[in-house]
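Read through the structure below, which is laid out as structure tokens, and then see the notes.
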Amino acid sequence: MLRILLIVFAALMSLAPLHAQEGDLNALLETHRASIEKPSRTTIGPVLEALVESQQPGVDVFMEKWREKEVWQRKSDGRFFFVRKAEGGKLTLIDVATGEEAGLADKAELDNLKPNSGVRGVIAAALVQFQLSDPDPERRLQALTALERDANESHLSILRAAIDSETVPAIKARKERLQRLLTIKFGFDQATRVAAIESFAGDPGVDARAALNPLLVTSLKVFDATGVPAGTNVARILKPGRDIDPEAAYQLLVEAGEARPVVPLDQRKQALAANIVDGKVGGIPVSDLVTQAARDRAYLALAAEGAVPPLVTADERAQAVANHVFADVYAEPDAALTDAARETLDAISGTVGFYRFLDLALDALSLASIYFLAAIGLAITFGVMGVINMAHGEFIMIGAYTGYVVQQVIPDYTISTLVAPSRSWRASRSNGW
Amino acid sequence: MKITTKWQIAGAAAFITTTVLTHAAYAQEETIKVGVLHSLSGTMAISETTLKDTVLMLIEQQNAKGGVLGKKLEAVVVDPASDWPLFAEKARELLTVDKVDVMFGCWTSVSRKSVLPVIEELNGLLFYPVQYEGEESSKNVFYTGAAPNQQAIPATDYFLEELGVEKFALLGTDYVYPRTTNKILEQYLKDKGIPAEDIFVNYTPFGHSDWSKIVADVVALGADGKKVGVISTINGDANIGFYKELAAAGISADDIPVVAFSVGEEELSGLDTTNLVGHLAAWNYFQSADAPVNAEFIKEWKAFAGEKRVTNDPMEATYIGFNMWVNAVEAAGTTDVDAVTTAMVGQKFPNLTGTEAEMLPNHHLTKPVLIGEIQADGQFDIVSQTEPVPGDAWTDYLPESKMLESDWVELKCGMYNTETKTCVQLNSNY
Amino acid sequence: MQRSFFARQPSVLIFISLLALFTIAIVILSEGFGLGLVSTSFVKILGKTLCLCLVAIAMDLVWGYCGILSLGHFAFFGLGGYMIGMWLMYERTKDIVIASLEGAALPPTAEEIREGIGTQIFGVVGGSDIPVVWYFADSLFAQLALVVLVPGLLALVFGWLAFRSRVTGVYLSILTQAMTLALSLYLFQNDSGLRGNNGLSGLQNIPGLTDMPQSVLSVWFFLASALALSLGYLLAAFVVSGKFGNVIRAIRDDEARIRFMGYPVEAYKLVVFTLTAVIAAIAGALYYPQAGIINPAEIAPIASIYLAVWVAIGGRGRLYGAVIGAATVSLLSSWFTGGQAPSVPLGFYTINWVDWWQVLLGLGFVLVTLYMPQGIGGLFDRFIRKDAP
């Protein structure tokens, strides 16, 4: 009884200030109407920021309802409302700012706002600060899920502040784990980040790897013969011919502007076609140009005349590649971080391999027992009577249908399993045909 | 000797019976014949029977309006039984024995490729109502389904822009449509700056049912911290296993969204969709499209076929194709294939999603691209709708087909090389 | 002592003369050559049916006479089709590619032509390289040889392994069915290099004969099929009539006994198995240019099972039985799927043949096997065999 009273009181308290500032939220929404009507993940950020910064009461409720696809818009004036079902298929409009009823409307007069899941993710991330310390554990969990999906730098401090006040042990553990993950991504000082990284050794979760792997992103870079400058966090030096294809290495030099581009085959063909004089190209009759060798000769002849850019010789390419150093370089400049991340990932991959083995073994066992079950019946008819029943699969199918029908009649799973061997349904799925 | 006579009589009798039976379709009253070439038995029957019913409904409605050119329409329904060579045989039979003026039919690309040589030889007319992989344009075919740029490319854009997907898993059944579509998408993604190692391509056989390994692999793709999205060209009943496994692995659409090109209302009607809520499908039509003409169509369909039946995208394509054909025949004043083909290009007809479809010179339609999120009731929430996009027969995203063009009005060629300014071939490549 | 071959096999003369009469009648009535009473599509159906009769004869030889229930002969049929299909497709595409490159400034190189062909044929399955299995595809004679060699060698190796290990009866059926399934699954993959599920299409257009209308071409193929069928019948009758025929029939009836009498049972079986595989392949090579498309679904195990059913319906152990069975079932299916079969209104329910023909066909199979173990061909025995020994 006391609890109900408290809830009512809390509800009244939360409604009270709404009366005072009636219309403000509506005005704010009006200014952002176009973006709210047709939201996109890339454009909704500033709007959400403006909403949050306005500190208007009811903003969080609006954002939550919006995410749940429960906000409607009146076509005639573009105002936003919540709705409740009313008599006769009509909808009762509820003002978003005051929570008061604002008359009835026909469904045809309204549009339901349906933000797509990209936008919903952004809204959820913006809601985190309202929900992370919410008294309702359900909403705190929602906030955590949103953070796991999409977090940014600002969330780290909010999350750290919300850990100590947490009372539910399971949620607290999840918050702490998430805090460590965010520290890896957004932490400021090296020591805490390394500590956070090392705390995940042997943790098989995909999220842990998802936090660690970005630290180890490398890119292929070219340096001149003097070598790699000091202070570069090098993953490894690549030796042309062993670690990197010389052709690809040369292409890299071309892209870096360090070497002349190779003339591709179709450009050479076009150059030949453009230089036909009296039925001849570079002295070779056009009708003879039916092999690549003849075309190469013609091209070289043209190049000698200076009519086309000369070919890049193999020697020239080899020389250019030999004069440079190729290396995979970490995007992360701090070697301590990358070393820690690499070691931790190595430790994780051992654990993951073990779990994968267990997983496969269990899968194999379950599939094998299903096949065994299906085959044992066949073995009896065939082994004892010598009759091979080509239609044995039919029985599996009939079993599956029986199981299905029985489950429709007896919803309780355990009882229905007794009535019909419903697991044969799974068997028929695995058999396929 | 006596024996021989008996044999001969039996043989002759059998021969005469069969000949008479095949010719029994002659000498009817003056009607315009419409061939329906959809499998009514075999594996494809479940999808294609719906389209047969759609054509029959449209014919019934047209006859109630007084037919075409003052004549009644008469449906000639054959059953190619999901057997691809039989499609060619039945198409020849429809054109030469039944002498139909137009055909509505085919679902799979193989069946279309089987029929193509026959209709091009006999100058028939086929309306093909299913989304397909493109790279084809025949003088005798009107493609009322989506080309890749009207379904796959916009869906990929949606993934990139709206959902921020950075890593792609292209999962498909091992046959021509997924192969070609994925090839186009791979090139498109690379052009958009997605590195090759962030594109995971996997093909599975028809009816594949053990998805646990593949789904686990897809989840593991997220290990480098990038957002993963699945583009599914999985066809047929393999989808059931795939979605069940996704649900069993506890993957929500917010973590790893899946957009499917072959899953519509019809496919979902046999599934429990509570675990699929939020996953996506890209089509040119959804039953949930908010347009008066759609509400009318759904009402008529339910009255014709049953209250529980749903409508889907190939049905809309059939609807547009049929009505355009009727208008083209009225405009040409004859059912002659060449005259109708000429009258078809430029035909406009309102589609069921509130915009207008136009038949282009390359025999493809303009279509809006709709992206829908699956809801718990098996219907789709439309979250994105574009303006009508003109269908492109030869995709611009592959080096070998970007210089090809199809234009049956100006160039009179379905495979015109714009670089060499020559018509590669007049027939299509089957 | 020994009577002449035709006297021992009276059905041969009757069959061949009937087939000749039938063929002449069809040619006279055809659109391509005569009165135009028989449509081209029906000529094609008849031509294909004759090919199916030929493969049924092969099946009868291996099952009805030698007792090997092979569920793999339709795979050999399909392989024959694939082999000829590769040439048809390659050459047709080559003509198109050469014609399209004609206007270019530089004459095309051999590599460019190959690349063009590759893009045309394999573009549809997302590739452009010509796989190595297409090595001989530009030569008609090589591919014709492969029609015989590939299925023949497959049958030889497979049969040798199976018979040497004394795999008999139902185990052999399972083994051959597994081979068929494996082959069809392999061909379903795009990596097999034969266009996966798409298969080879446009086979009805014969390179070099592009000016010949299908109405004429179909008659030529019909004639070729009729010739192949009569030669096949003759060969089969010859094989089963002599001492060889007696041995293989004895193997069917009591294999162990024949082995103890000193006959190399395995060699006999291998010869029959390989010979019939080759006949099936030739039938396939004639069938698919008429059908126009071949794809792995054709090779699915069900097709081989159907083949056994045709022979069972027609009556195994008699060659004309196989022909009757194959022709009946194939023509009936063709008629039912044509949509001309009238619906039967029963008042409370209308029977649409489209929904029911497969059920009825299946029921027919069961009834024939139950009540006419000799098959339809067995009916003829009642008045033919009176004077036979």
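Just so you know, all these numbers are worked out from the coordinates, no wet-lab data involved. These numbers were taken from a predicted model, which means no experiment stands behind them. Virtual Cβ from ideal backbone geometry, glycine too; neighbours counted across all protein chains shown.
Tabulated values for the structure
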| quantity | calculated |
| --- | --- |
| Approximate shape of chain B as ellipsoid semi-axes (Cα gyration tensor, √5λ), whole Å, largest first | 39, 25, 23 |
| Gyration tensor verdict on the range B:152-260 (Cα atoms; rounded if a/c is under 1.5, prolate if a/b is larger than b/c, oblate otherwise) | oblate |
| Estimated vicinal HN-Hα couplings, Hz - the range A:122-138 in sequence order (Karplus 6.51, -1.76, 1.60; Gly, Pro = x) | 5, 4, 4, 5, 5, 7, 3, 4, 7, 9, 5, 10, 5, x, 7, x, 4 |
| Set of lysines near A:LYS280 by C-alpha distance (under 28 Å), chain-local residues within fewer than 8 positions excluded | A:LYS269, B:LYS421, C:LYS94 |
| Rounded tilt (10° steps) of B:152-161 against the dominant C-alpha axis of chain B | 10 |
| Most to least packed among C:133-144, B:271-282 [average Cβ atoms within 10 Å] | B:271-282, C:133-144 |
| Most to least packed among A:263-271, B:338-346 [average Cβ atoms within 10 Å] | B:338-346, A:263-271 |
| Disulfide-incompatible cysteines by the Cβ rule (no partner under 4.7 Å) in chain B | B:CYS106 |
| For residues of B:419-426, the mean tally of beta carbons on other chains within 10 Å | 4 |
| Viscosity 0.890 mPa s, temperature 25 °C, Stokes-Einstein D of chain C from Kirkwood C-alpha radius, µm²/s | 109 |
| Which listed pairs, of A:LYS185/B:LYS192; B:LYS183/B:LYS402; A:LYS85/A:LYS114, have C-alpha distances above 21 Å, in listed order | A:LYS185/B:LYS192 |
| Qualifying aspartates and glutamates (Cα of each under 12 Å from Cα of C:LYS44; at least 8 residues distant if same chain) | B:GLU89, B:GLU93, C:GLU31 |
| Magnitude of the charge dipole, the range C:5-384, Cβ model with Lys/Arg +1 and Asp/Glu -1, debye to 20 | 1460 |
| Residue-averaged beta-carbon neighbours from other chains (10 angstrom radius) around A:280-289 | 1 |
| Most to least packed among C:52-64, A:210-222 [average Cβ atoms within 10 Å] | C:52-64, A:210-222 |
| Exercise: per-residue mean of other protein chain Cβ atoms within 10 Å, A:269-276 | 2 |
| Rg/Rg_ref, the protein assembly as shown, where Rg_ref = 2.2 N^0.38 Å and atoms are Cα | 1.07 |
| Candidates per trypsin sites (Lys or Arg not before Pro) in the range B:123-193, loop by DSSP, up to 14 other Cβ within 10 Å | B:LYS192 |
| Aspartates and glutamates whose Cα lies under 13 Å from that of A:LYS107, excluding same-chain neighbours fewer than 8 positions away | A:GLU87, B:ASP290 |
